[in-house]
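*Asks:* Following this message is one structure expressed as structure tokens.
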Amino acid sequence: MKKQTVLVALGSLFLAACSNGFEAAQLDLNSAVNANSAAVSYDQWHDSESHPEHLLIKWRSQIASEQMTSADVCKAFDEMDVQHLTLFENELADEANKDVVGECAEELLAKIERFYINDRAALTANLGNFFEHDVKTFESKGNVKIQGVGSDKTSDFKFQVVTKPIDTTLGYHVDPDRKDKITKKYKVVDAKQVVLTFDDGPRLNTEIVLKILDEVGAKALFFQVGEKAVELDKENKINYSNIAKKVAAAGHVFGGHSRTHANLRALDYEVAREQIYDGLNNVIQAVGWAYPIFRFPYGNSTPALINNLTKMGIASFYWHVDSEDWKSKRSTSELIDYTMGQVRAKAGGVILFHDIHKRTAQMLPQFLRTLHNEGYQIVLLKPTKIIKSPIDYKPVPPKP
């Protein structure tokens, strides 16, 4: 009888632990949604303990210590509002997280894809109708799949891109006030002009962004994370340097965004310099060359680092319009309205997007159509020189 009582007690404890594991995962997901919505900047969101990257690390540890199971995590995800589930899309697709979400990742990603297809249905121009019948050709060349594609083409417009040469040898720093802070000779762009910029690639989603831009003759600046540009995913047979090469081949301007997307303001000066130039050298390694442009992750620069870039003849770029495409609280149409609201209020400027997010690709067709309909010009800020050799940034040691 005592043995039976002990077994029942142990069983109850096990059930309680399972229940607590699910409830803990659910609380974590709710915290993530709240933190993402409340964050006033991308770095605040990324540094949050509720950011998906940090939660996956936490859950992995809890699963290892039997405080939680993979099934608990999957159940919590399954009961999550699907619009907010998109926050975790990259983590769900990452093979490295199989131990945490392997049981449900494929099903959850399919759920997210169905959400995107339904969410964009009300838009005049969307990923389902923006292209002609060349989507299968696009996919057959090894590009990422575009699901839910219709047959009606809505990309019946083209931008006449204004290419603006910039000489970075004397320094060029795009600040939020729209001025070139070094020479102070001119505004970055005039009224009713925009510069499209994309951070954090290259990733598979970059291919769709490139396809959208190409469809309407638009050009952009891509700030690439060094370690991503040279990453080789052997398991999925993805060489991300090939995607970086596609950015170059399409005639876009591309440069660095640090080696690991580090907060350079929080680092020692020399360590920050290593992040900047090693990242640019990674891009050069991936493509064979790069433009002398750089964007500080999260926009967190320092005067000393900007001055160093100036001495090295490398431009640094802030932005004027933040799309906040990293937030899940807005639907696709709301994201377009939010971004266009800023563009109208500021009469244009440099726009910040992230080519790693599917919601960004979701909104681009209608966003670009709106820009065109309202008479905005796209400007390509193009350095007059390129970098072909690795940057030697190490200080010269003093003579003995």
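The values are calculated or read from the model by the stated rules, or taken from the named source; none is laboratory data. From a predicted model like this one, the values you see are computed outputs, not experimental measurements. Every residue, glycine as well, gets a Cβ built from its backbone with ideal geometry; the counts of neighbours run over all protein chains shown.
*Asks:* Every residue in segment 166-190 that is at pLDDT 55 or above and within 26 Å of the chain's Cα centre (by Cα), please.
*Replies:* Listed by number, the residues that qualify are 166, 168, 172, 173, 174, 175, 176, 177, 188, 189.
*Asks:* List every residue pair whose Cβ atoms lie under 7 Å apart, where the two residues are 6 or more positions apart in sequence or sit on different chains, the first residue falls within segment 376-393 and is over 30 Å from residue 347 (Cα atoms), and the second residue, located anywhere, is of a type in the set (Lys, Arg).
*Replies:* 393/273
Here is a yes/no grid of residues against (1) at pLDDT 95 or above; (2) buried (at least 22 other Cβ atoms within 10 Å of the Cβ):
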| position | (1), (2) |
| --- | --- |
| 197 | yes, yes |
| 223 | yes, yes |
| 232 | no, no |
| 244 | yes, yes |
| 247 | yes, yes |
| 251 | yes, no |
| 254 | yes, yes |
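*Asks:* Take residue 365 and tell me if it is closer than 21 Å to residue 199 by Cα and either assigned to a loop (DSSP other than H, G, I, E, B) or of a type outside the set (A, V, I, L, M) (or both).
*Replies:* Spelling it out, residue 365 is indeed closer than 21 Å to residue 199 by Cα and either assigned to a loop (DSSP other than H, G, I, E, B) or of a type outside the set (A, V, I, L, M) (or both).
*Asks:* Here are 344, 330: which of them is of a type outside the set (Ser, Thr, Tyr), at pLDDT 95 or above and more than 20 Å from residue 162 (Cα to Cα)?
*Replies:* Of 344, 330, the one residue that is of a type outside the set (Ser, Thr, Tyr), at pLDDT 95 or above and more than 20 Å from residue 162 (Cα to Cα) is 330.
*Asks:* Does segment 266-280 include one or more residues that are assigned to a helix (DSSP H, G or I), in the same structural domain as residue 297 (by TED's automatic domain parsing), closer than 18 Å to residue 385 by Cα and hydrophobic (A, V, I, L, M, F, W, C)?
*Replies:* There is at least one residue in segment 266-280 that is assigned to a helix (DSSP H, G or I), in the same structural domain as residue 297 (by TED's automatic domain parsing), closer than 18 Å to residue 385 by Cα and hydrophobic (A, V, I, L, M, F, W, C).
*Asks:* Is there any pair linking a residue in segment 31-49 that is more than 15 Å from residue 266 (Cβ to Cβ) to one that is polar (S, T, N, Q) and not in a loop (DSSP other than H, G, I, E, B), with Cβ under 6 Å and at least six apart or on different chains, and which?
*Replies:* Sorted first by the residue in segment 31-49, then by its partner, the pairs are 45/36.
*Asks:* What is the residue count in segment 219-261 for residues that are farther than 19 Å from residue 358 by Cα and either without any contact (Cβ under 8 Å) to a residue 12 or more places away in the chain or among the small types (Gly, Ala, Ser) (or both)?
*Replies:* Within segment 219-261, residues that are farther than 19 Å from residue 358 by Cα and either without any contact (Cβ under 8 Å) to a residue 12 or more places away in the chain or among the small types (Gly, Ala, Ser) (or both) number 15.
*Asks:* I'd like the full set of residues that are modelled with pLDDT under 90 and within 30 Å of residue 69 (Cα to Cα), limited to segment 97-132.
*Replies:* Across segment 97-132, the qualifying residues are 102, 103.
*Asks:* Here is a follow-up. Given the criteria out of contact with any His (no Cβ under 8 Å at 6 or more places or on another chain) and either over 30 Å from residue 113 (Cα atoms) or in the same structural domain as residue 264 (by TED's automatic domain parsing) (or both), does residue 349 qualify?
*Replies:* No.
Okay, residues lined up against (1) modelled with pLDDT of 95 or more; (2) loosely packed, with under 15 Cβ neighbours inside 10 Å:
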| position | (1), (2) |
| --- | --- |
| 5 | no, yes |
| 13 | no, yes |
| 24 | yes, no |
| 29 | yes, no |
| 34 | yes, yes |
| 38 | yes, yes |
| 41 | no, yes |
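*Asks:* Looking at segment 277-299, I want the residues that are among the acidic types (Asp, Glu) and have a partner that is part of a loop (DSSP other than H, G, I, E, B) with Cβ atoms under 6 Å, at least 6 apart or on another chain. Which pairs are those?
*Replies:* That search, which allows pairs on different chains as well, returns 278/259.
*Asks:* Can you confirm whether residue 343 is farther than 23 Å from residue 255 by Cβ, touching a strand residue (DSSP E or B) at 6+ places or on another chain (Cβ under 6 Å) and not hydroxyl-bearing (Ser, Thr, Tyr)?
*Replies:* The answer is yes for residue 343.
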